[in-house]
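Take a look at the structure set out below.
None of the figures in this text is laboratory data; all of them are computed from the coordinates on show. On a predicted model such as this, the values are computed, not experimentally measured, just so you know. For neighbour counting, all protein chains shown are included, and Cβ atoms are generated from backbone atoms with ideal geometry for every residue, glycine included.
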Amino acid sequence: MQTLHVDLGARSYPIYIGPGLLGRAELLQPHIPGRQVLVVSNETVAPLYLQRLLPGLDGLQVETVVLPDGEQYKNLEVLNRIYDALLQARFDRQCTVLALGGGVVGDMAGFAAASYQRGVNFVQVPTTLLAQVDSSVGGKTGVNHALGKNMIGAFHQPRCVLADTDTLTTLEDRQLKAGIAEVIKYGLIRDPAFFQWLQANMSRLLGRDPAALSEAIERSCRNKAEVVAADELEAGQRALLNLGHTFGHAIETGTGYGNWLHGEAVATGMCMAADLSRRMGWLSEAEQAATESLITQAGLPTQPPVEMTAKQFLQLMAVDKKVEAGRMRLVLLRAIGAAVVSADFDAGKLRETLPD
Ligand SMILES: NC(=O)c1ccc[n+]([C@@H]2O[C@H](COP(=O)([O-])OP(=O)(O)OC[C@H]3O[C@@H](n4cnc5c(N)ncnc54)[C@H](O)[C@@H]3O)[C@@H](O)[C@H]2O)c1
Ligand SMILES: [Zn+2]
């Protein structure tokens, strides 16, 4: 097992990464201050892993809520089921909400924990690659609105993150690849050595080599933890973690939540960001090609959906959370491993990057 730390003063917490961690009470229970735990999961993950988790919560009052599975259920209406469960069980302010599942469950359970009685304890037990390398770390929580992705939310850090790599064995290939998109992101924005490692090890990752997966998860979490520790509330450099996301969120919203997976949309979004960066003269042709090639090697899409127009992209991109004073800001690349946030891009060149 590897233990990393997210360094946030009084709100610091550990990330445990390794096989066979579900059900290890000595890892979980020091981070559960009260006696009451609500496990939030979904109809796919609960049958697979709830029983394995329960020994880790032995001796506590455990309630569970099982949500429907899918990005299209990440909304305020379904969120209410978590509040219903908390209130029906009369959970108090010392209770803990524990997310067992992918990023959708984690974001929803986290927002419920952030808002129930103005904030209760939260624990993340991520079960997708995407959640283990990204969404479980850093405290962003929330739900979608019909008009914009992740538009309702709060920052609320977990007390610990327990990433059991054994859970990845049941993940569908398409989901594994979607997680790899966020892994590639860390290489592109700040870790060129990791990008090179990914070029050399992509086939091991796709083959689910446990050592390769563990290394990718650790290196990703280390990058995420460093960025979050430096800029918890996204006043500056944390925005770099949104490489590909302004384009990607537009794709997710534009095609209907759940049709393109988040990681797939981000993969295409990173290619679009690389394309615009090259048009601006910031990224070399060779580095743009290397970016597209690694994303292709991972079996991820590089081209925007055929049904989306430039106009639709521009409308959807205008509701991005990085918009400030009406000015759109994008994460672009100066080189592989060097991303920047910029409002200073050429609108004409952006138009060339977008579909006709
Ligand atoms: N909070 C953040 O910082 C942050 C960062 C990145 C992404 N996100 C959010 O995360 C979400 C995407 O997360 P995701 O990719 O994990 O999607 P997801 O939660 O929808 O999980 C993907 C699918 O895998 C299933 N699943 C989960 N674990 C499994 C397992 N071990 N075995 C078999 N099936 C399993 C799920 O039921 C689901 O069908 C998006 O809503 C995105 O906005 C949040
Ligand atoms: Zn993402």
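Here are the numbers for the structure shown:
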item	result
Over 22 Å between alpha carbons, listed pairs LYS185/LYS224; LYS185/LYS322; LYS74/LYS349; LYS177/LYS224; LYS224/LYS311	LYS74/LYS349; LYS224/LYS311
Mean Kyte hydropathy of 0.5 or more with a Cα span along the axis of at least 15 Å, helices from DSSP in the chain	103-115
Positive-pole candidate from LEU98, GLY18, HIS145, dipole of segment 1-148, charges at beta carbon	LEU98
The chain pair-distance distribution - Cα-Cα, 20 Å bins, rounded %	32, 58, 10, 0
Length gained when the stretch LEU50-GLU26 is fully extended (0.36 nm per residue, less Cα-Cα span)	6.9 nm
The chain: relative contact order in percent, alpha carbon pairs under 8 Å with at least 6 residues between	16
Relative packing of peptides 73-83, 94-104 - highest average C-beta neighbours within 10 Å first	94-104, 73-83
Average projected area [Cα convex hull, segment 1-93], square nanometres	7.4
Computed helical MRE - 222 nm, the chain, DSSP H runs ≥ 4 contributing -39500 (n - 2.57), nearest 500	-13000 deg cm²/dmol
Selected from LEU54, LEU198, LEU147 as most flexible by GNM, with the chain as the system and alpha-carbon contacts under 10 Å	LEU147
Antiparallel content of DSSP bridges confined to segment 76-200, in %, to 5	40
Stretch gain in nm, segment MET308-GLU172, where the contour uses 0.36 nm per residue and the Cα spacing is subtracted	46.3 nm
Net dipole in debye of segment 252-356 [+1 Lys, Arg Cβ; -1 Asp, Glu Cβ; about Cα centre; nearest 20]	320
Estimated dipole of the chain in Debye, rounded to 20 [Cβ of Lys and Arg +1, of Asp and Glu -1, Cα centre]	600
Value of relative contact order over segment 118-217, rounded to a whole percent, pairs C-alpha under 8 Å and six or more apart	29
Gain in span if fully extended, GLN72 to ALA193, counting 0.36 nm per residue against the direct Cα distance	39.9 nm
